[in-house]
Amino acid sequence: LAFLTFLICFYNIIERSDCGQNSTEHEKVLSIKAATEEQVNVLKNISSCNQTALWQPASPRHITAETEVHLYIYSGGVNHVTDLLDKHKITYRVLLENAQELMKQQTRNETADPRSSSANADRYYSLEDIYHWINKTRQEHPEMVEVIMIGSSFEKHPLLVMKLSGRRAAVDKAMWMDCGIHAREWISPAFCQYFIRYVLTNYNRFPDITSLLDKMDIYVLPVLNPDGYKYTWTTNRMWRKNRSVREDSVCVGADLNRNFDASWCTEGASSDPCSEIYCGQYPESEPEVNAVAKFLRTHKDTVKFYFSIHSYSQMLLFPYSYTYELAQNHAELLDLVKDASQKIRRFYGKLYRFGAGAKTIYLAPGGSDDWAYNQGIKYSFTFELQDQGKYGFLLPPSLISSACNDALLAIKTIATRALQKI
Ligand code: ARG
Ligand code: ZN
């Protein structure tokens, strides 16, 4: 298998250096389904190749017959990959004809509407812009916002948590939310920003958000993986992991959602540093993960809710992801996400699947939600935001607010209901 991968990738290199005209090809995203064992193997090889970036599932090892595989193909690889698929009679359709054009739209700073200033949810923010925005937001709402540095990333970017509090006496409950654990999931940091803006603008205006903020503090970490996020802006839009380097491998980065101390590096993660689901050298080896875990350990008596925001595929997940066993309050959690999913369906017409992570997607050990849950945070969730694969990680700016509204409704639904019981 490794040899076949080598051959396919090697062939790619030759092909690429031979025909420069291939660079005029548009980069594409394909939706591919393998049916037979042989086709599955070919597809696994193609998606391990460096001419491609696997969008879905997270790793080639999750590909089976009938898995809907979403595969990004870099310029120069398109003909080669489609030829291979045709040769093995593997069926596919084109999801995105011209991915580069979409990427351009996403890094545009200005918008068509001149009134929409930096305060609006109509564009993606670079890492620098997010830091600037955090600072500005704190200055504008000094009585409600505190910025806490919980640590720094591998490349020494600060990990900044925004603590939101109502204008009231201290309380003993809190909610945690992190965004941007996976670098290419740009809608995630955008949602943390959207959420913070929403809370600050609507406190003492809307009863639901006022009540939430009167009962608990809300900790938001807008970019858990700043190094990776920056890298997706400067170098490789499809990067998932962080950017830590290790002496014994040329491959960079660990999957931060496999690095938590929850059945670490068992089935569903990889010990290969080159894998997209590489678990790191040991639990919490990555500074970003260690910072979050340390903060939550010292606040676990007050933190009642844990939310981790990802994209894409539209799912509301809860523990466990490292085992098929049911969480102790499985029925309650299921009831909460079901309610949230139905509300999103009713209000916005969007379909969100829901359930325990392992059964709903795939086994994924070392995840933040499972770890938080085992720390005693009984309301622990991972959301996969819009969309279902039409644009995937390249969700256009015009859809940011729609995606954010879904997630906001889910959080309000879950937190409001659960708060009545605790
Ligand atoms: N898609 C995400 C990932 O592959 C989340 C998978 C669910 N795992 C979890 N621990 N919630 O990391
Ligand atoms: Zn993710």
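The values are calculated or read from the model by the stated rules, or taken from the named source; none is laboratory data. Worth saying up front: this structure is predicted, and the values here are computed from it rather than measured. Note that we place each Cβ from the backbone using ideal geometry, even for glycine, and neighbour counts take in every protein chain shown.
So which residues in segment 331-385 are within 16 Å of ligand 2 (Cβ to nearest atom), assigned to a loop (DSSP other than H, G, I, E, B) and within 29 Å of Leu399 (Cβ to Cβ)? Hits for segment 331-385 are Tyr352, Ile361, Tyr362, Ala364, Gly367. Of note, Pro273 does not satisfy the criterion of being under 25 Å from Val220 (Cα atoms), at pLDDT 95 or above and crowded, with 17+ Cβ neighbours inside 10 Å.
Within segment 33-63, being out of contact with any strand residue (DSSP E or B) (no Cβ under 7 Å at 6 or more places or on another chain), within 16 Å of ligand 2 (Cβ to nearest atom) and of a type in the set (A, V, I, L, M) holds for one residue alone: Ala58. Tell me yes or no: at least one residue of segment 312-323 is away from ligand 2 (no atom under 15 Å from the Cβ) and aliphatic (A, V, I, L, M). The answer is no; no qualifying residue exists. Just one of (1) closer than 21 Å to Asp217 by Cα; (2) away from ligand 1 (no atom under 13 Å from the Cβ); (3) of a type in the set (Ser, Thr, Tyr) fails for Ser308. It is (2). Could you tell me whether any residue of segment 399-420 is touching a Leu at 6+ places or on another chain (Cβ under 8 Å), within 28 Å of Asn109 (Cβ to Cβ) and basic (Lys, Arg)? Within segment 399-420 (the criterion being touching a Leu at 6+ places or on another chain (Cβ under 8 Å), within 28 Å of Asn109 (Cβ to Cβ) and basic (Lys, Arg)), the answer is no, since none of the residues qualifies. When the residues of segment 187-235 are filtered to those that are within 16 Å of ligand 2 (Cβ to nearest atom) and without any contact (Cβ under 8 Å) to a residue 60 or more places away in the chain, the one that is surrounded by the most Cβ atoms within 10 Å (Cβ to Cβ) is Gly228.
The number of residues in segment 386-399 that are part of a helix (DSSP H, G or I) and surrounded by 24 or more Cβ atoms within 10 Å (Cβ to Cβ) comes to 3. The residues of segment 302-318 that are part of a loop (DSSP other than H, G, I, E, B) and farther than 16 Å from Met177 by Cα, listed by number, are Tyr312, Ser313, Gln314. Residues that are surrounded by fewer than 15 Cβ atoms within 10 Å (Cβ to Cβ) and more than 22 Å from Asp255 (Cβ to Cβ) within segment 301-325 comprise Asp301, Glu325, listed in sequence order. Gly228 meets each of the listed conditions (1) assigned to a loop (DSSP other than H, G, I, E, B); (2) within 16 Å of ligand 1 (Cβ to nearest atom); (3) within 26 Å of Ile150 (Cβ to Cβ) apart from (1). In the set Gly180, Gly151, only one residue is within 16 Å of ligand 2 (Cβ to nearest atom) and surrounded by 16 or more Cβ atoms within 10 Å (Cβ to Cβ); that residue is Gly180.
Inspect all residues belonging to segment 245-264 and state whether any of them is within 24 Å of Met149 (Cα to Cα), over 18 Å from the mean Cα position of the chain (by Cα), surrounded by fewer than 24 Cβ atoms within 10 Å (Cβ to Cβ) and away from ligand 1 (no atom under 14 Å from the Cβ). Looking for residues that are within 24 Å of Met149 (Cα to Cα), over 18 Å from the mean Cα position of the chain (by Cα), surrounded by fewer than 24 Cβ atoms within 10 Å (Cβ to Cβ) and away from ligand 1 (no atom under 14 Å from the Cβ), one finds at least one in segment 245-264, hence yes. The residues on offer are Glu66, Glu97, Glu128, Glu140, and the sole one that is acidic (Asp, Glu) and closer than 30 Å to Arg205 by Cα is Glu140. Only one entry in Lys87, Lys44 is loosely packed, with under 14 Cβ neighbours inside 10 Å and modelled with pLDDT of 95 or more, namely Lys87.
For segment 344-374, the set of residues classified as buried (at least 17 other Cβ atoms within 10 Å of the Cβ) and either within 12 Å of Ala410 (Cα to Cα) or more than 16 Å from ligand 1 (Cβ to nearest atom) (or both) consists of Ile344, Lys350, Tyr352, Phe354, listed by residue number.
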